[in-house]
Amino acid sequence: MGVTGLIDWPAALLATHAAVARPADTRRATERAVAAGPVFRNKEFPLSPVPVLVRAEQAERLAPLLARYVELLGKVVALYRTRQDVRDFYGLDPAADRLIAADRAVGDAPWVCRLDGYLEAGSERLRVLENNADSPAGTLFTARINDLVARIRSSSPGGLTYTGEHRFLDALRAAARAAAERDAGRCADPSHIAVLQPAGAPNAESVELVRCLRAAGVDAFLADPRAIEVDGDRARFAGRPADLCWNKVNTVSWAAYRGDPAFVDRWERAVRDTALVHVNPFGARYVAENKLTLALVQQPGFAELLTPAERELVAELLPWSRKLTPAAVDDDGRPLADRLLADPREFVLKRHYDIRGDGVTIGHDCAPDAWREAVAAGLRAGHLVQRRVAPTGYPVVEAGSAQVQAMPISLDAYLFGGRVAGFGSKASRHAKINIFQGGRKLAVHVIGGGS
């Protein structure tokens, strides 16, 4: 089943050489493309004119595995609904359970998600490190970056390249149709779309998404989730009707909102009793998005809930992961907390939800005292333990420079409606490959052997 060797290195080295051999030409081409193109970043970073070049035949082999993993995430949400032991494993509060129970129109699997992963150094096998289903960043800007770099290179990458910003609007419309097929009361053709962001704190991608939707003839607007109202079978935000909402509020912030019982009541009614289509639904956000899901599908105590094919898929895609508890042990039967303290370089600790990498503690990049504190906090809260994956490096170029920097990269897969739309990437010199921690986005082009 293993899919290795994803990068087309001959093509990557040729593209890198072309960019640095004539740096002045590369700078001019990049500057022209950026000046003529749309906004493509929430945070300033230098654009590399060299994309990550992925071999089409390997991407085509990988895509169905990723689709099956998203299907498995939906199965986990379904198990959460029906099994008390699964709910106990996550330990969510009653407010979250109410929202999960009420929000079923789009189904249990994430409709839009970004599977963040590393290409394992040496093999270039994709290891999925986490699933971002809380309306992840990059759903619009990744397509723009891929298009922009294709214009700089005057190239036409292959079919699994995520290009064309219309595809995200198509995915939202497809979510509405799918919801209407499951529940005749849902709006199958949304003409009013709310993009949820806290009042006074929009990001560039949300603003650009509203602009794109309006250009396509949709009444789109930014809305604060706390402004939701239920009017019969309609949901409104500060009086404006919404047929569909793209919930761009991260799950960390959402957890604070649900401490207000009136807020939970309004949202429960909105997703259960109105025509509103909520993307992504609360099961996808609270369960599939939860880092503990990476452990649940590997916990020996839950193995019987997965088929042999599902367990094989998990072993192929995910690094070794466990929930950290006083009773947790490694594969040799040694207390897991002791193993973490003795061998920090091999492990990563993750909170259940986080943004911008703030909830991730990497053992090899952490002072001993801070690591001991993180292990103690993880034991108290039941955080995720994951075996560290060393990422592949890739050549990164700054337009106008004759220098090449080798940086560790991620390979992130975007899936819409359970199907791979394409890939994005991040690069950084820091241990956390994150845009908001000193990283940058890279284009990803999927190419055939003759490209």
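Do we have VAL218 as modelled with pLDDT of 95 or more, under 22 Å from PHE416 (Cα atoms), β-branched (Val, Ile, Thr) and over 20 Å from the mean Cα position of the chain (by Cα) here? Spelling it out, VAL218 is indeed modelled with pLDDT of 95 or more, under 22 Å from PHE416 (Cα atoms), β-branched (Val, Ile, Thr) and over 20 Å from the mean Cα position of the chain (by Cα).
Pairs linking a residue in region 348-377 that is within 20 Å of VAL287 (Cα to Cα) to a residue that is of a type in the set (Val, Ile, Thr) and outside any helix (DSSP H, G or I), with Cβ atoms under 7 Å and 6 or more positions apart or on different chains, are LEU349/THR361; LEU349/VAL385; LYS350/VAL360; ASP354/VAL360; VAL360/VAL348. Consider region 223-238 and keep the residues that are in contact with a helix residue (DSSP H, G or I) (Cβ under 6 Å, 6 or more places away or on another chain) and within 22 Å of GLY185 (Cα to Cα). The one that is surrounded by the fewest Cβ atoms within 10 Å (Cβ to Cβ) is VAL230. ASN146 meets each of the listed conditions (1) surrounded by fewer than 18 Cβ atoms within 10 Å (Cβ to Cβ); (2) touching a residue at least 12 places away in the same chain (Cβ under 8 Å); (3) not aromatic (Phe, Trp, Tyr) apart from (1). Scanning region 195-220 for residues that are free of Cβ contacts under 8 Å to residues at least 40 places away in the same chain and either outside the structural domain of ALA235 (by TED's automatic domain parsing) or in contact with a Lys or Arg (Cβ under 6 Å, 6 or more places away or on another chain) (or both) yields a count of 1. Taken over region 418-434, the criterion of being under 14 Å from the mean Cα position of the chain (by Cα), surrounded by 20 or more Cβ atoms within 10 Å (Cβ to Cβ) and not in a strand (DSSP E or B) is satisfied by ILE433 alone.
If I ask for residues that are of a type in the set (A, V, I, L, M, F, W, C) and in a helix (DSSP H, G or I), which ones from region 106-160 would you list? Steps first, answer last, please.
In the first step, residues of region 106-160 are kept if they are of a type in the set (A, V, I, L, M, F, W, C); the result is 106, 109, 111-113, 115, 119, 121, 126, 128-129, 133, 137, 140-141, 143, 145, 148-150, 152, 160.
Scanning region 106-160 gives PHE141, ALA143, ILE145, LEU148, VAL149, ALA150, ILE152.
Can you give me the ranges of the strands (runs of 3 or more DSSP E) entirely in region 197-278 with at least 1 residues that are within 24 Å of HIS352 (Cα to Cα), of a type in the set (Phe, Trp, Tyr) and in contact with a Leu (Cβ under 9 Å, 6 or more places away or on another chain)? Of the strands (runs of 3 or more DSSP E) lying wholly inside region 197-278, those with at least 1 residues that are within 24 Å of HIS352 (Cα to Cα), of a type in the set (Phe, Trp, Tyr) and in contact with a Leu (Cβ under 9 Å, 6 or more places away or on another chain) span 244-247.
The values are calculated or read from the model by the stated rules, or taken from the named source; none is laboratory data. These numbers come from a predicted model, not from an experiment. We place every Cβ from the backbone using ideal geometry, glycine too, and count neighbours over all the protein chains shown.
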